[in-house]
Amino acid sequence: MARNLDAKCRQCRREGEKLFLKGEKCFTDKCAIERRSYAPGQHGQKSGSRLSDFGKQLREKQKLRRTYGILERQFRKIYAEADRRKGVTGENLLQELESRLDTVAYRMGFGVSRTEARQIVRHNAILVNGKRVNVPSYRVRPGDLIEVAEKAKAQLRIKAAVEAAESRGFPDWIEVDAKAMKGKFKVLPQRTELPSNINESLVVELYSK
């Protein structure tokens, strides 16, 4: 399966903001954005360049892809599905991304980052409604019960991830029993509940051309 192997911190620096790709490191002063808030590469520190409208749309799309760890071809498929659904395409797009199993597992604290949550899913450590699902892109539906498989509950990295997530709190659209390492995907999140630093309308404009 194709993966994005670019260094996580370089991806954040390229977008000029934290994408929270490195788990707990992103919450410390060791975060690359805290130390070097300019783009990577030889010309990263040059300032004054202005992006065209297309450039802004492209950067926003790249930021969204990198945040959720999705490659271009897969992202296009997700956008097409969002565009087919009734409602606002941009909000549909974010809901499609948030209902992926790897993202739900991350939101529930079963991994310190989406990358780790994706790995945990692939290693058969996640159950959906009592059945093992090892496909990160599996679409979780409202009412689905997600839990860590019994054998995987002893893994220290999962325990540490759940404890860290519990200390920060969980999103309103999921319900989590941290001790039992299980939770419920209650409802699709509303736009007001999702990060305000994402401008999905620019992504819609890009793909609508």
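Observations, loosely collected:
- Residue check for E34: modelled with pLDDT under 95, in a helix (DSSP H, G or I) and of a type in the set (D, E): yes
Residue by residue, here is whether (1) at pLDDT 95 or above; (2) acidic (D, E); (3) more than 26 Å from E81 (Cβ to Cβ) holds:
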residue	(1), (2), (3)
I120	yes, no, no
H123	yes, no, yes
N129	yes, no, no
V135	yes, no, no
Y138	yes, no, no
G143	yes, no, no
E150	yes, yes, yes
V162	yes, no, yes
D172	yes, yes, no
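- For the range 56-113, a residue qualifies if it is farther than 30 Å from K159 by Cβ and either hydroxyl-bearing (S, T, Y) or not in a helix (DSSP H, G or I) (or both), and the qualifying residues are L71, Y79, R85, K86, G87, V88, T89.
- Which listed residue is more than 28 Å from G130 (Cα to Cα) and part of a helix (DSSP H, G or I), from V203, V162: V203
- For the range 117-140, the set of residues classified as part of a loop (DSSP other than H, G, I, E, B), among the aliphatic types (A, V, I, L, M) and free of Cβ contacts under 8 Å to residues at least 40 places away in the same chain consists of A125, V133, V135, listed by residue number.
- Against the criterion of being of a type outside the set (G, A, S) and under 22 Å from E60 (Cβ atoms), R84 qualifies.
- Which numbered condition G143 fails, given (1) part of a loop (DSSP other than H, G, I, E, B); (2) without any contact (Cβ under 8 Å) to a residue 24 or more places away in the chain; (3) over 20 Å from G69 (Cα atoms): (2)
The values are calculated or read from the model by the stated rules, or taken from the named source; none is laboratory data. Treat the numbers as computed from the prediction; the structure is a model and nothing was measured. Cβ sites come from the backbone with ideal geometry, for glycine too, and all protein chains shown count toward neighbours.
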